[in-house]
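The values are calculated or read from the model by the stated rules, or taken from the named source; none is laboratory data. The structure presented is a predicted model; accordingly, all values stated were derived computationally and were not measured. Cβ sites come from the backbone with ideal geometry, for glycine too, and all protein chains shown count toward neighbours.
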Amino acid sequence: MAAFAVLMTVSNQPGILFGVAKVLADHAGNITYIDLIPHPDRDAELYLEFSIEGPVDPVIDGLRQVPGVSGLEVEQSFSKIYGKRIVIMGGGAQVGQVALGAISEADRHNIRGERISVDTIPLVGEEALASAVRAVVRLPRVRLLVLAGSIMGGEISRAVEDVRRKGLYVISLNMAGSVPDVADLVVSDPVQAGVMAVMAIADTAKFDIVRQQKRRY
């Protein structure tokens with residue numbers, strides 16, 4: 001099924017999402033991603049990614065006629081622009097070093113046609129980190145999480161187990177605490193951890209993280 005993306009300007013009124021979804025359903029389209037972008041001084045925008053087997057023009061025409069839709073632009077999807085995502089969280093110094101390796105390696109693969117983006121968030125505290133780990137699986141296109149710090153365990157380890165059960169790969173720095181015991185892969189050098197994170201999700205790399213599971217480097 002061909003994939004498409006649109007950005008619509010919509011008024012703040014009940015029934016907007018219903019009208020949009022009905023148009024897609026009437027044309028056997030499948031919504032793959034949706035996001036509402038509010039603006040304090042003007043109408044909100046609704047970003048929508050969908051796939052459809054038939055022609056897309058009738059869908060676009062139908063979306064433009066939904067009551068409350070005042071504008072529509074056809075866009076490239078986030079997956080084509082930003083591609084797969086890696087999230088790095090933990091202590092600021094370690095996060096920076098992991099990002100150094102990840103960004104350098106991502107640049108090498110993106111030049112060859114990949115689309116890999118790197119997100120970072122320095123965080124401290126067991127509760128804050130555990131909540132952030134669990135929230136990662138709610139972010140679109142995230143394929144791998146790197147935990148970079150000097151000590152992590154307790155509720156953070158339980159959060160890692162939760163997201164791994166949902167299919168997210170987790171790389172941990174070699175640190176104190178129980179997080180290294182529950183991660184897919186443990187790497188001592190933070191720059192190398194960033195490089196291996198990118199290689200694990202890049203189609204242009206010959207690195208299989210499944211074959212490396214529970215190893216320490």
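Laid out as a table, the results:
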{"quantity": "Residue among Ser157, Ser131 that is of a type outside the set (A, V, I, L, M, F, W, C) and within 18 Å of the chain's Cα centre (by Cα)", "calculated": "Ser131"}
{"quantity": "Long-range neighbours under 7 Å by Cβ, at least six apart or interchain, first residue over 18 Å from Ala3 (Cα atoms) within the stretch 59-71, second charged (D, E, K, R)", "calculated": "Ser70/Asp43"}
{"quantity": "Residues within the stretch 65-87 that are small (Gly, Ala, Ser) and either in a strand (DSSP E or B) or touching an Asp or Glu at 6+ places or on another chain (Cβ under 7 Å) (or both), tallied", "calculated": "4"}
{"quantity": "Residue count, the stretch 24-44 (criterion: polar (S, T, N, Q) and surrounded by 15 or more Cβ atoms within 10 Å (Cβ to Cβ))", "calculated": "1"}
{"quantity": "Residue, farthest from Tyr47 (Cα to Cα), within the stretch 66-90, restricted to residues that are β-branched (Val, Ile, Thr) and surrounded by 15 or more Cβ atoms within 10 Å (Cβ to Cβ)", "calculated": "Ile88"}
{"quantity": "Flag for Glu49 being outside the structural domain of Pro140 (by TED's automatic domain parsing), in contact with a Ser or Thr (Cβ under 7 Å, 6 or more places away or on another chain) and closer than 25 Å to Arg141 by Cβ", "calculated": "yes"}
{"quantity": "Among (1) closer than 17 Å to Val66 by Cβ; (2) in a strand (DSSP E or B); (3) at pLDDT below 95 - the single one Leu17 does not satisfy", "calculated": "(2)"}
